[in-house]
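Q: The structure follows.
The values are calculated or read from the model by the stated rules, or taken from the named source; none is laboratory data. This one's a predicted model, so the numbers in the text were calculated from it and none came from an experiment. Here the Cβ is made from the backbone with ideal geometry for all residues, glycine too, and neighbour counts use every protein chain on show. Just so you know, the surface numbers come from the protein's heavy atoms only, side chains and all, with ligands and any DNA or RNA stripped out. Shrake-Rupley method; radii C 1.70, N 1.55, O 1.52, S 1.80 Å.
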Amino acid sequence: MKQWRMLMMLGVLMVAGIGSGCAVSKSNIQGFNLISIDQEKQLGDKFAGEIEKQYTLVKDPEVQAYVDSLGKKLLSGAREVKFDYTFKVVQEDSVNAFAVPGGHIYVQSGLLKAADTEDELAGVVAHEINHVVARHATRQLTQQYGYTLLLQLVLGQNPGLLTQLATSLFGKAGSLAYSRGMESQSDFLAVETMHKAGYNPQGIVKFFEKLDKMNHQDPNLLTKFFSSHPLTTDRIKEVKEEIAKLQPRSYSAGSEAAFKKAKEKVR
Ligand SMILES: [Zn+2]
């Protein structure tokens, strides 16, 4: 890259950095990102490789087919599908799901166990899909670690650091912290995605409220979800407000029987 272009991009980055304190429209998914789509795919594949060494994947074909179909249906309601998304279940009791750059989505078995309906599970998966759609992870990582370091990871120049970051950002004891604005945008887009795909977005509200209650009863159980997706009454309120703006429709995408079967299998 020519030097002047680099300088110009840095200028834009600084302005974007200053501007990030201001309210940005939750509807705008074109946030500034130095990492290209191709680079994000490469980085995501590398992270996914590391993560799958650290977790035990649930390899049951029925469970796999179920999350594939849930993910695919939800993607039909997403704004953009720029990545080859993958959906996998990992054996891990805490209630959580997480997204790795480039569209690798992991559902923890604890989440499947805690969800009572498919809409509740779909709400969390839709939220994770939209962290990818709005490319939050690469934006957050560029801000946290700098473009140069991220590029080294993309190019495979620093495998030691890649392993270390995979553990601290996506491993069992770690988590990538998104900004409050990013969480709020993912919630906003999740409502839209579910509505368009034919899942009832009330599932998000129900699940968040249930988790909030469960967390008061046994904080140890849910720490992971709350540390990576801080849940506030504001967040629940905002989701309710978005749902109230939707045109009424019937929701028929879900398959409660398939959901129950998958849930039984991970138990
Ligand atoms: Zn989130």
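Q: State whether one or more residues within region 57-69 are open to solvent by 30 Å² or more (accessible area, probe 1.4 Å), among the hydrophobic types (A, V, I, L, M, F, W, C) and modelled with pLDDT of 95 or more. Walk me through it before giving the result.
A: Keep residues of region 57-69 that are open to solvent by 30 Å² or more (accessible area, probe 1.4 Å), which gives 57, 59-62, 64-65, 68-69.
Narrowing the set further to residues that are among the hydrophobic types (A, V, I, L, M, F, W, C) leaves 57, 65.
Next cut, modelled with pLDDT of 95 or more only: 57, 65.
The answer is yes, given that some residue of region 57-69 is open to solvent by 30 Å² or more (accessible area, probe 1.4 Å), among the hydrophobic types (A, V, I, L, M, F, W, C) and modelled with pLDDT of 95 or more.
Q: Okay, next question. Checking the conditions here, which among Lys265, Lys245 is of a type outside the set (Phe, Trp, Tyr), open to solvent by 100 Å² or more (accessible area, probe 1.4 Å) and modelled with pLDDT of 80 or more?
A: On inspection, the qualifying residue turns out to be Lys245.
Q: Could you say which residue among Lys213, Lys196 is modelled with pLDDT of 90 or more, more than 19 Å from Phe98 (Cα to Cα) and away from the ligand (no atom under 16 Å from the Cβ)?
A: Within the list Lys213, Lys196, the selection yields Lys196.
Q: For region 129-153, give me each residue that is β-branched (Val, Ile, Thr) and touching a Gly at 6+ places or on another chain (Cβ under 7 Å).
A: Passing the criteria: only Val132.
Q: Out of the residues in region 92-120 meeting the condition of being in a strand (DSSP E or B) and open to solvent by 10 Å² or more (accessible area, probe 1.4 Å), tell me which one is modelled with the lowest pLDDT.
A: So in region 92-120, the residues in a strand (DSSP E or B) come out as 97-100, 104-108.
Remaining after also requiring open to solvent by 10 Å² or more (accessible area, probe 1.4 Å): 98, 104.
Numbers: Phe98: 94, His104: 98.
Selected residue: Phe98.
Q: Moving to a separate point now. Go through (1) within 16 Å of the ligand (Cβ to nearest atom); (2) of a type in the set (A, V, I, L, M); (3) in a helix (DSSP H, G or I) for Leu151 and report which single condition fails.
A: So Leu151 meets the others, but not (1).
Q: Given the options Ala78, Ala97, name the one that is closer than 14 Å to Ala126 by Cβ, in contact with a helix residue (DSSP H, G or I) (Cβ under 8 Å, 6 or more places away or on another chain) and either free of Cβ contacts under 8 Å to residues at least 60 places away in the same chain or of a type in the set (Phe, Trp, Tyr) (or both).
A: Of Ala78, Ala97, the one residue that is closer than 14 Å to Ala126 by Cβ, in contact with a helix residue (DSSP H, G or I) (Cβ under 8 Å, 6 or more places away or on another chain) and either free of Cβ contacts under 8 Å to residues at least 60 places away in the same chain or of a type in the set (Phe, Trp, Tyr) (or both) is Ala97.
Q: Can you run down the residue pairs with Cβ atoms below 9 Å, 6 or more apart or on separate chains, where the first is in region 129-146 and farther than 26 Å from Leu74 by Cα and the partner is of a type outside the set (A, V, I, L, M) and away from the ligand (no atom under 13 Å from the Cβ)?
A: Thr142/Asn33; Gln143/Gly17; Gln143/Ser20
Q: Then there's this: Looking at (1) hydroxyl-bearing (Ser, Thr, Tyr); (2) at pLDDT 95 or above; (3) open to solvent by 10 Å² or more (accessible area, probe 1.4 Å), can you tell me which one Ser168 breaks?
A: (2)
Q: Could you grab me the full set of residues in region 186-199 that are under 14 Å from the mean Cα position of the chain (by Cα) and open to solvent by 10 Å² or more (accessible area, probe 1.4 Å)?
A: Phe188
Q: Okay, next question. I need the full set of residues from region 154-191 which are within 18 Å of Phe98 (Cβ to Cβ), among the aliphatic types (A, V, I, L, M) and more than 16 Å from the ligand (Cβ to nearest atom), in order please.
A: To start, the set of residues in region 154-191 that are within 18 Å of Phe98 (Cβ to Cβ) comprises 162-180, 182-187, 189-190.
With the extra rule that they be among the aliphatic types (A, V, I, L, M), the set shrinks to 162, 165-166, 169, 173, 176-177, 182, 189-190.
Scanning region 154-191 gives Leu162, Leu165, Ala166, Ala173.
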